[in-house]
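Right, one structure below, let's go through it.
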Amino acid sequence: MATFPFELVSPERLVYSGAVTEVIVPGAEGEFGILAGHAPFVSTLKPGVLTIKGDGAARKLFVRGGFAEANPQGLTVLAETAIPLAELPAEKLAQMIRNAQEDVEDAGDEATRASRQQFLEQLKSAAAAIEADSRSPH
Amino acid sequence: MASLKDLRNRIASVKATQKITKAMQMVAAAKLRRAQQAAEAARPYAVRMESVLGNIASTISGGPDAPRLLTGTGQEQTHLLLVLTAERGLCGAFNSSIVRIARERALALMGQGKTVKIFCVGRKGHDALRRQFEKQIVEVVELRTSKGGVTFADAQKIADKIGAMFAAGEFDVATQFFSRFQSVISQVPTAQQLIPATFAEPAAAAEGAEAVYEYEPGEAEILADLLPRNLAVQVFKALLENGASEQGARMSAMDNATRNAGDMIKKQTLTYNRTRQAMITKELIEIISGAEAL
């Protein structure tokens, strides 16, 4: 299968860089897969699981906040948080959900409440997906 | 004239000081390497963010519903100065040069009849500005990062505060002051405008094919999502540059101090030896003249 260059960048470091065959990105409007030769495309991210398929086993990372940019030179994902699923303890995720829950309760006006509520839902569904993933054999 | 014992004590104390400055220099050198690596690791993120935002911003900025973080409030009456300094001193002119350009800007703006608000990050900047601008300082954040350096979460917290203040209409223009790291001996105090956001014009002519991006959700939504993030990224970049600059400045300051202490020890050892020789000569003369008198 054709490969393309992929980079996953967090503000603190370059998390992943290399040639891959497919990347599945949790886009704000639904997950999408990127293959080699994708049309130029920009999408924001929702909290969720990013899957990198290259040589060997697929690598899964939890990503949060940022955007993905596909262009003829390859795919770049900028994420504020990018943690391999194996290194993400369940209680940290639970803590994130609790924080988001508090944010919803603290929200001043209706618009912020709605956007924070949406963020909380996305976080919960990401947690559910991770839970399901950890139970199924790889 | 100082006695031999005094001179010995003085030399010993300068030697102890020299050991301290030498150790600080070496610690700063090690920290500098780490700070430089952190700054380099953060660069790709900031660069990509800027190129994507520049692309979107150039297509949308003319529109009436462009976000205010990009276009500003249409006024420039109230200015927010974000002054980023270190938590610690003993790093040469690092803190004072940042404070100096911030102070000059503040005075110039106040001279034009504008309102100035100051947001201090780092204890040293607050200490230096407190006396002159007590009424203008609206917010102080201290970075207690004993190890590991600044994290993105620190920058995020600062950016969130600025974003909330902007949303509440507390200022029109935000500028950050930090020190750009050029080399160990050269750090350039820099002012950078944060709000309204400024981007280098994208090189659209050179890569015409790149202009046909598809956006999901719409361009406006992406811009609204990314601009607050960009604020945090810019603050983070400035904090990292500052971190490297601070260590660089401390390293050269401590190098100077070590060299000065060495010169001082040399001079005092000379005085000590001369005094000792003079005393021996004096004692000899006393003995000889005593013997002759017999």
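Figures for the structure shown
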quantity: Test: residue A:103 is among the acidic types (Asp, Glu), within 14 Å of another protein chain (Cβ to nearest Cβ) and surrounded by 16 or more Cβ atoms within 10 Å (Cβ to Cβ); calculated: yes
quantity: Residue A:35 vs. criteria away from chain B (no Cβ under 13 Å), hydrophobic (A, V, I, L, M, F, W, C) and touching a Pro at 6+ places or on another chain (Cβ under 6 Å); calculated: no
quantity: Residue that is farthest from the other protein chains (Cβ to nearest Cβ) [pool: residues in the range B:21-52 that are within 16 Å of residue A:8 (Cα to Cα) and of a type in the set (Lys, Arg)]; calculated: B:43
quantity: Residues (part of a helix (DSSP H, G or I) and either in contact (Cβ under 8 Å) with a residue 60 or more places away in the chain or among the polar types (S, T, N, Q) (or both)) located in the range B:126-159; calculated: B:152, B:154, B:155, B:156, B:158, B:159
quantity: Candidate set from the range A:16-32 (those that are within 14 Å of chain B (Cβ to nearest Cβ) and more than 13 Å from the chain's Cα centre (by Cα)); member that is surrounded by the most Cβ atoms within 10 Å (Cβ to Cβ); calculated: A:16
quantity: Selection status of residue A:97, closer than 27 Å to residue B:153 by Cα, part of a strand (DSSP E or B) and more than 9 Å from chain B (Cβ to nearest Cβ); calculated: no
quantity: Index of the failed condition, residue A:95 passing every other in (1) within 21 Å of residue A:28 (Cα to Cα); (2) modelled with pLDDT of 75 or more; (3) not hydrophobic (A, V, I, L, M, F, W, C); calculated: (1)
quantity: Scope the range B:100-125; condition in a helix (DSSP H, G or I) and without any contact (Cβ under 8 Å) to a residue 40 or more places away in the chain; matching residues; calculated: B:103, B:104, B:106, B:107, B:108, B:109, B:110, B:111, B:123, B:124
quantity: All positions within the range A:110-128 that are of a type in the set (S, T, N, Q) and in contact (Cβ under 8 Å) with a residue 40 or more places away in the chain; calculated: A:122, A:125
quantity: Restricting the range B:163-201 to residues that are more than 19 Å from residue B:50 (Cα to Cα), assigned to a strand (DSSP E or B) and aliphatic (A, V, I, L, M), the residue that is nearest to the chain's Cα centre (by Cα); calculated: B:188
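Yes/no matrix, rows are residues, columns are (1) in contact with a helix residue (DSSP H, G or I) (Cβ under 7 Å, 6 or more places away or on another chain); (2) small (Gly, Ala, Ser); (3) at pLDDT 90 or above; (4) more than 20 Å from residue B:75 (Cα to Cα):
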{"site": "B:108", "(1), (2), (3), (4)": "no, yes, yes, no"}
{"site": "B:112", "(1), (2), (3), (4)": "no, no, yes, no"}
{"site": "B:139", "(1), (2), (3), (4)": "yes, no, no, yes"}
{"site": "B:148", "(1), (2), (3), (4)": "no, yes, no, yes"}
{"site": "B:151", "(1), (2), (3), (4)": "no, no, no, yes"}
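One line per residue, one yes/no per condition, for (1) farther than 23 Å from residue A:65 by Cβ; (2) exposed (fewer than 13 other Cβ atoms within 10 Å of the Cβ):
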{"position": "B:122", "(1), (2)": "yes, no"}
{"position": "B:144", "(1), (2)": "yes, yes"}
{"position": "B:154", "(1), (2)": "no, no"}
{"position": "B:161", "(1), (2)": "no, no"}
{"position": "B:167", "(1), (2)": "no, yes"}
{"position": "B:174", "(1), (2)": "no, no"}
{"position": "B:190", "(1), (2)": "yes, no"}
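The values are calculated or read from the model by the stated rules, or taken from the named source; none is laboratory data. Quantities reported herein were computed from a predicted structural model and do not represent experimental measurements. Cβ: placed from backbone, ideal geometry, glycine included. Neighbour counts: every protein chain shown.
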